[in-house]
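> Sharing a structure with you now.
The values are calculated or read from the model by the stated rules, or taken from the named source; none is laboratory data. This structure is a prediction, so every number in the text was calculated from the model and none was measured. Heads up, the Cβs are rebuilt from the backbone with ideal geometry, glycines too, and the neighbour counts pull from every protein chain shown.
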Amino acid sequence: MDTIPIRFGLRENLGQFSLLVVVNAFVGAMVGMERSILPAIAVQEFHLAAKVAILSFIVVFGITKALTNYLAGRLSDRFGRKHVLVAGWLVAVPVPFLLMWAPSWDWIVAANALLGVSQGLTWSTTVIMKIDLVGPKQRGLAMGLNEFAGYVALAGSALATGWLAARFGLRPEPFYLGIGYVAIGYALSAVAVRETGQWVVHEAQATATHHAQLTQTEIFRRTSLTDRNLSSVSQAGLVNNLNDGAAWGLFPLVFAAAGMRLEQIGMLAAIYPAVWGCAQIFTGGLSDRIGRKNLIVWGMWLQALGIIVIASTVTFAGLGTGGIMLGLGTAMVYPTLLAAIGDVAHPSWRGSAVGVYRLWRDLGYALGAVLAGLLADAFGLAASLRAVSAVTFASGCLVLFRMRETLSKG
């Protein structure tokens, strides 16, 4: 094994940290390639009318990604981060081919089950590895950069596939990109990424006061229910992805109902994750200076307002404004939640705690898709989005009254 001097910090580990940022960009791009066009494929090629049926791919993606997130945290603590990362890329290999050639909607759903497993393994591991490398003082910045890479790439991929679909058709050309994403992501992860377990051991030794070893059951209970900070973070993450799941499935339909062309739908679908991704560079680092709690509360409330704007307008400018607001609110929340987990969880069980948090967070995709689909079928698209907005606002209130500040000023 290589003997590498163990130093914490972004600058001290710039090479590996930058490599992991690039890897996560390809992870995000895998989701982005279907973000703007899969609802159109459901309607135009498979003639699905019910919103619940159209959003079924998000339900399956959310459930498989959530469960895999939990396993990824445990597996990375037990077997090492790199092995889990490489395995995630191998699972992704069939995905673009299934999306290109699926003869029925069931095949699309199956592709998203594999995509959820892959995302759970790869994205979870890049998060954990970056937390390992930077240590306790730059977690917010590290998470901001990680999520910036993933979601800017997601937005770029959504824009690219929307452009390709408008010119060449919905399938197969837009999904050729996915083959390249998998090939490059796997090669970088297998050849260039190094294991970060040594950093975990070093940090655990440096902070080893008298920290009892926790069972997986206790870690799950603390992160989900009993620890007021960890559980507040987990519910906020769930609601954040609940509204993201609704946005993923319903926004293209809302944009089409407003008379937007396919190119415009691609642009609007890209605005929200692009703003989200870019702004995280600043919001992640900002949380290292001003704290986590207020950014989470105000971010959830800004998300709720952005969804209301989108539900209440039919112009390109209005829809774009709502997307910008939703993106800014999500950028305030997303890296800050991960940094808060890192603040509270001990290094010896941090990977598992991140896995539990990401389990709840990505179950929000499934819950959001089901809730939004049922409400849209019963009451219409606008009413469904208003209900999602109300849930998001309530989540911010819960953080306000239950969570304490987690950032240590020492």
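> Tell me, please, whether a residue that is touching a His at 6+ places or on another chain (Cβ under 9 Å), buried (at least 21 other Cβ atoms within 10 Å of the Cβ) and either without any contact (Cβ under 8 Å) to a residue 12 or more places away in the chain or closer than 29 Å to S234 by Cβ (or both) can be found in the stretch 72-79.
Yes.
> Could you tell me whether the stretch 96-111 includes any residue that is of a type in the set (V, I, T), assigned to a helix (DSSP H, G or I) and within 18 Å of the chain's Cα centre (by Cα)?
no
> Test F46 against the stated conditions and say whether it is within 23 Å of the chain's Cα centre (by Cα) and of a type in the set (F, W, Y). Walk me through how you get there before you give the answer.
On the way: within 23 Å of the chain's Cα centre (by Cα): no; of a type in the set (F, W, Y): yes.
When the stated conditions are applied, F46 does not pass them.
> Could you say which residue among G162, G135 is on the phi > 0 side of the Ramachandran plot and at pLDDT below 95?
Matching residue, one of G162, G135: G135.
> Taking the stretch 174-227 as the region of interest, how many residues are at pLDDT 80 or above, surrounded by fewer than 16 Cβ atoms within 10 Å (Cβ to Cβ), farther than 30 Å from L99 by Cα and among the hydrophobic types (A, V, I, L, M, F, W, C)?
Here the count works out to 1.
> Also: Being modelled with pLDDT of 95 or more and of a type in the set (A, V, I, L, M, F, W, C) is the requirement here; does V356 meet it?
no
> Just one of the numbered conditions (1) of a type outside the set (K, R); (2) over 18 Å from the mean Cα position of the chain (by Cα); (3) buried (at least 19 other Cβ atoms within 10 Å of the Cβ) is not true of G368; which one?
(2)
> Which ones in the stretch 165-194 are without any contact (Cβ under 8 Å) to a residue 60 or more places away in the chain and more than 18 Å from M129 (Cβ to Cβ)?
R167, F168, G169, E173, G180, A183, listed by residue number.
> Select the helices (runs of 4 or more DSSP H) contained entirely in the stretch 1-94, then report the ones holding at least 2 residues which are modelled with pLDDT of 85 or more.
14-32, 38-44, 56-79, 81-92
> Being part of a loop (DSSP other than H, G, I, E, B) and surrounded by fewer than 18 Cβ atoms within 10 Å (Cβ to Cβ) is the filter; apply it to the stretch 157-173 and report the residue that is farthest from the chain's Cα centre (by Cα).
Among them, the one singled out is G169.
> Looking at (1) charged (D, E, K, R); (2) part of a helix (DSSP H, G or I); (3) in contact (Cβ under 8 Å) with a residue 24 or more places away in the chain, can you tell me which one K137 breaks?
Of (1) charged (D, E, K, R); (2) part of a helix (DSSP H, G or I); (3) in contact (Cβ under 8 Å) with a residue 24 or more places away in the chain, only one is false for K137: (2).
> From the list G162, G185, G169, pick out the single residue that is of a type outside the set (D, E, K, R) and closer than 25 Å to G88 by Cβ.
Numbers: G162 fails: closer than 25 Å to G88 by Cβ; G169 fails: closer than 25 Å to G88 by Cβ.
Of G162, G185, G169, the one residue that is of a type outside the set (D, E, K, R) and closer than 25 Å to G88 by Cβ is G185.
> Let me ask something else about it. Please go through the stretch 371-383 and pick out each residue that is surrounded by fewer than 24 Cβ atoms within 10 Å (Cβ to Cβ) and of a type in the set (G, A, S).
Matches in the stretch 371-383: A378, G380, A382, A383.
> Scan the stretch 327-363 residue by residue and report those that are touching a Phe, Trp or Tyr at 6+ places or on another chain (Cβ under 6 Å) and hydrophobic (A, V, I, L, M, F, W, C). If you could, list the steps in order and put the result at the bottom.
At the first step, the residues of the stretch 327-363 found to be touching a Phe, Trp or Tyr at 6+ places or on another chain (Cβ under 6 Å) are 327, 330-331, 341, 355-356, 359.
Correct list: A331, I341, V356, L359.
> Tell me, which helices (runs of 4 or more DSSP H) lie completely within the stretch 306-410 with 3 or more residues that are of a type in the set (A, V, I, L, M) and closer than 30 Å to R78 by Cβ?
Of the helices (runs of 4 or more DSSP H) lying wholly inside the stretch 306-410, those with at least 3 residues that are of a type in the set (A, V, I, L, M) and closer than 30 Å to R78 by Cβ span 316-344, 350-379.
> Among A87, A110, which is the only one that is within 29 Å of L10 (Cβ to Cβ) and either basic (K, R) or in contact (Cβ under 8 Å) with a residue 12 or more places away in the chain (or both)?
Matching residue, one of A87, A110: A87.
> Checking A153 against (1) more than 28 Å from L286 (Cα to Cα); (2) buried (at least 23 other Cβ atoms within 10 Å of the Cβ); (3) of a type outside the set (K, R); (4) modelled with pLDDT of 90 or more, which single condition isn't satisfied?
(1)
> Is it true that some residue in the stretch 118-134 is surrounded by fewer than 24 Cβ atoms within 10 Å (Cβ to Cβ) and either without any contact (Cβ under 8 Å) to a residue 60 or more places away in the chain or more than 28 Å from W199 (Cβ to Cβ) (or both)?
For the stretch 118-134, residues surrounded by fewer than 24 Cβ atoms within 10 Å (Cβ to Cβ) and either without any contact (Cβ under 8 Å) to a residue 60 or more places away in the chain or more than 28 Å from W199 (Cβ to Cβ) (or both): absent.
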